[in-house]
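Take a look at the structure set out below.
The values are calculated or read from the model by the stated rules, or taken from the named source; none is laboratory data. Only a predicted model underlies this, so the values are computations on that prediction, with no experimental measurement involved. Cβ: placed from backbone, ideal geometry, glycine included. Neighbour counts: every protein chain shown. Areas reflect the complete protein model, heavy atoms only, side chains present, ligands, DNA and RNA absent. Shrake-Rupley method; radii C 1.70, N 1.55, O 1.52, S 1.80 Å.
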Amino acid sequence: MDQFYDRFARAIASVVNILDPDAIVLGGGLSNIDSLYGELGQRVQALAFFPEGPTRILKNMHGDSSGVRGAAWLWREGDEAGLPA
C-alpha cells in the first residue's frame, strides 16, 4: 500500500501543480478506502506547490455509485437511445 500511496500522491500532486484546484473529489471504489484520505493528503501536501493554499482531498457525497447517478440524470424521457442530444 505504501508504494500505491506514493505513486497516487505524486499523480495527484502533478494535477494540483498544473490546475491548482480547491478540492479533489475521489470517486468509485477508491472512495471506499478510508485510510486514503489522511495518508494521501499528507503526501500531496509534501509534494505539491500550493500558491492559494492546500488542495482538499474529499470523499464523494453519494458513494461509489456517483457515476451511475450522473448518467441517470442525463436520461431524458422519450429518448430512445438514452444518449444526450
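Please give, to one decimal in nm, the separation of the simple spin-label points placed at residue 6 and residue 33, each 7 Å out from Cα toward the Cβ.
Rounded to a tenth, the inter-label distance reads 1.5 nm.
Could you give the length gained by full extension between residue 17 and residue 50, i.e. 0.36 nm per residue of separation minus their alpha carbon distance, to one decimal place? Each step should come with its number before you reach the end.
On the way: separation 33, 0.36 × 33 = 11.88 nm, distance 0.74 nm.
In short, 11.1 nm is gained.
Ignoring any ligand, DNA or RNA, what whole percent of the accessible area of the chain comes from carbon and sulfur when the probe is 1.4 angstrom? If you can, show how the numbers build up before the last one.
Values: 3410 of 6030 Å².
Here it works out to 57 percent.
Residues with beta-carbon under 12 Å from that of residue 27, excluding residue 27: net charge, scoring Lys, Arg +1 and Asp, Glu -1? Intermediate results must be reported in sequence, preceding the final value.
Values: positive: 59, 69; negative: 64.
Result for the neighbourhood of residue 27: +1.
Using only the Cα atoms of the chain, build the gyration tensor, take square roots of its eigenvalues as a ≥ b ≥ c, and label the shape rounded, prolate or oblate: rounded if a/c is under 1.5, else prolate if a/b is larger than b/c, else oblate. Before the final figure, lay out the partial values.
On the way: a/c = 3.04, a/b = 2.03, b/c = 1.50.
Prolate.
If we count chymotrypsin sites (Phe, Trp or Tyr not before Pro) as exposed when they sit in a DSSP loop and have at most 12 other beta carbons within 10 Å, what is the longest stretch of the chain that avoids them all? Kindly include the intermediate steps, with their values, before the conclusion.
Numbers: sites that count: 49, 75.
Between exposed loop sites, the widest span is 1-48.
Give me the net charge for the shell around residue 51: Cβ to Cβ below 13 angstrom, other residues only, Lys and Arg +1, Asp and Glu -1.
Details: positive: none; negative: 20, 22, 52.
It works out to a net charge of -3.
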